[in-house]
There are 2 protein chains.
Amino acid sequence: MAQSDTVDRILDAAEELFADRGFSETSLRMITSKAKVNLAAVNYHFGSKNALIHAVFARFLTPFSATLESAFNDLEQRCDGHPPTLNQTLWALTESAVRMPQRNEQGISIFMRLLGLAYTQSQGHLRKFLEQEYSQPFSRFMRLLKDATPQLSAVDRYWRIQFMLGATAFTMSSSDALRDILQNKLGVETTVQEIAARLVPFLAAGMQAQDTMLMPSFSEAPVA
Amino acid sequence: MAQSDTVDRILDAAEELFADRGFSETSLRMITSKAKVNLAAVNYHFGSKNALIHAVFARFLTPFSATLESAFNDLEQRCDGHPPTLNQTLWALTESAVRMPQRNEQGISIFMRLLGLAYTQSQGHLRKFLEQEYSQPFSRFMRLLKDATPQLSAVDRYWRIQFMLGATAFTMSSSDALRDILQNKLGVETTVQEIAARLVPFLAAGMQAQDTMLMPSFSEAPVA
DNA sequence: CTGTGTCTCAAACGTATGTTTCAAACAGAC
DNA sequence: GTCTGTTTGAAACATACGTTTGAGACACAG
C-alpha cells in the first residue's frame, strides 16, 4: 500500500483548526476541506472525532514526554542527590518544550494553546485520555515541584501550580496575538524563547511568595 | 401583563449551564428545559443565542463595573495623591468581585468561570461586546497597575500583566473542576474567596519578581 | 364584554453536524 | 494479468442545532 499521507494531512489541519477555534467549534468538514481530504477519511483512519482529538495530542505529547523524561534524568543526575531547585525544574520543562522538533514555525505555540483548551473546554474524554496516557511525566514534574518547594503546604502548592499552569497556557496560547500587540504599541519584537525567559522568573517568584495573605490591608507597606 | 419571571429563569439556567459546559456546548434546548420554559421564549425575549450570552454577562458585569469604579475611587481617595500599591489595587478588584450581591451560593464562582471562558473560548462576538461595553473600568485598572509598578519597563510590565491575566482567567475558568480534584485528593473544601486569597499574593509576587533571568543556570543557589 | 398587546406553546423549518454506506480506485503479491 | 486487502470518493443517513411560525392563552383598558 502507498502509506498515504492522508493521516498526517488530517492531523496537521486538525491541530491548527482546533488551536484556532476550539474543539466543538471545529467541524470535521472544516478539517477535511483544509486538509484536502475526503470527509470519510477521518472516521476511516481515526474512528471518531474524539479519537482524532486524542491523536492530535498524542503526536506531540508522546515524543515530548520522552524528551522531558531525559531532561529530568539529566537534571537529577547533575544535582547528585540534592533536589533540583524550582528554577532548575521550570527551566528543564521550558527547554524541553522549546527544543522539541517542530513541524512548522508556530510549533510549540499552537500546542500550548491546545493544552490550554484541553483544560478549559469541558471535554471530559480528553482529560481522561491525557491522564491515562501521560500520567508518568506529569507525576514526576509534580514531585520535583514538591521537593523544590518544601515550605509550601500541599494546598498552597496545589493552587500555585494551577496559577503557573494558567499563566503559561494562556500566554503561550495567545502569544502570537500578544506579540503583535506589543509590536504595534511599543515597537518591540519578541520570540517565544524571550517570553519563556520572562515567564519563568514570574512563576518562580509567585511560587515562592512569602505568605498567603488572607485579608486585605490598606496600611501595608509596598511589598517589594 | 403578568410581568413573568421567564426572562430571569432563562438567565439563571443559562448562566449555570454556560459555566458548566461552555457556550457552544450548551444548547438552547438544555437551557429552556432546565428553566422549565418554552424553547421559543429565548428567541422571543432575547432575539438570539448570542444576545442571550451578552445578557448573561451584562446582568453581572454592569453592577460590577459600577462597584469597581467606586472601589477605585475609594482607594485613590484614601491614598491621597500617592499611587495605590499593587496589593491594594489587586485587592480592590478582588473584593469588588467577591462582595457583589449574589443570586445563589455559587454566585461569583459561576461568573468567574464565565469570564474565563470568555477569554479562552474564541467567541468573537463576546469579546467585542465586552470591549465595547466595559472598556472604561478595564483601562482604569491598567493605569493603576502601571502606577503601582514604576520599576518595571513597559515591556516587562506588559508581559507580566498577561501572565496575571492568564493565571486568573485559567484558574477561575476551571475552578469547579480544580476544587473537585482538590476535594478528592486532599479532602479539602475551598471557596472562591480562598482561591482569590491565594491568587493575589501569587500575582503580586510574580509582578514584582526581582529580575528577568535570560539564561538558565545550574549553579545558582535556591532562590528563596 | 370586547379589543389589544404581551406572552406561551407545540410544531415545523432550514441547516449543519458526526457517522455510515458502498462502489470505485489503487497498490502489492502471486 | 489476476486477485486481495487497503484506501478514497460521493452520497446519504440520522440527529441536533438555532430560529421561525401561527395559533392560542392571558391580563388589562375601554
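Just so it is clear, none of the values below were taken in a lab; they were calculated from the coordinates. A quick note: this is a predicted structure, and the numbers were derived from the prediction, not measured. When we count neighbours, we look across all protein chains shown, and the Cβ atoms used for this are built from the backbone with ideal geometry, even at glycine.
Before moving on, here are some points about what is shown:
- According to the Cα-based calculation, Rg over Rh for the protein assembly as shown is 0.97, with Rh computed by the Kirkwood formula.
- Calculated over chain A, the projected area of the Cα convex hull averaged across directions stands at 16.4 nm².
- Which of B:GLN208, B:LEU93, B:PHE57, positive extreme of dipole for chain B (C-beta unit charges): B:PHE57
- Over the range A:6-61, relative contact order from alpha-carbon pairs under 8 Å, at least 6 apart, %: 38 percent
- Length-normalised contact order for chain A - Cα pairs under 8 Å, 6+ apart - percent: 20 percent
- Computed from Cα atoms alone, the Kirkwood hydrodynamic radius reported for the range A:99-165 is 14.0 Å.
- Dipole magnitude (debye, nearest 20) for chain B, charges at Cβ of Lys, Arg, Asp, Glu: 520 debye
- Within 10 Å of the Cβ of each residue in A:192-204, the mean number of Cβ atoms contributed by other protein chains is 6.
- Residues A:MET112, A:MET207, A:MET100 arranged by fewest to most Cβ contacts within 10 Å: A:MET100, A:MET112, A:MET207
- To the nearest ten degrees, helix A:49-79 and the longest principal axis of the Cα atoms of chain A are 40 degrees apart.
- Residues B:HIS45, B:HIS82, A:HIS125, sorted so that the one with the fewest Cβ neighbours within 10 Å comes first: B:HIS82, A:HIS125, B:HIS45
- Applying the criteria of a DSSP loop state and at most 16 other Cβ atoms within 10 Å to the trypsin sites (Lys or Arg not before Pro) of the range B:41-126 yields B:ARG99, B:ARG103.
- Chain A: angle of helix A:108-120 to the longest principal axis, Cα-based, in degrees nearest 10: 80 degrees
- Helix A:86-99 axis, angle to chain A major axis (alpha carbon atoms, nearest 10°): 20 degrees
- For A:LYS36, inter-copy label distances in nm, listed shortest first [label point 7 Å out on the Cα-Cβ vector]: 5.7
- Fewest-first ranking of A:THR120, B:THR191, B:THR67, using other Cβ atoms within 10 Å as the exposure measure: B:THR191, B:THR67, A:THR120
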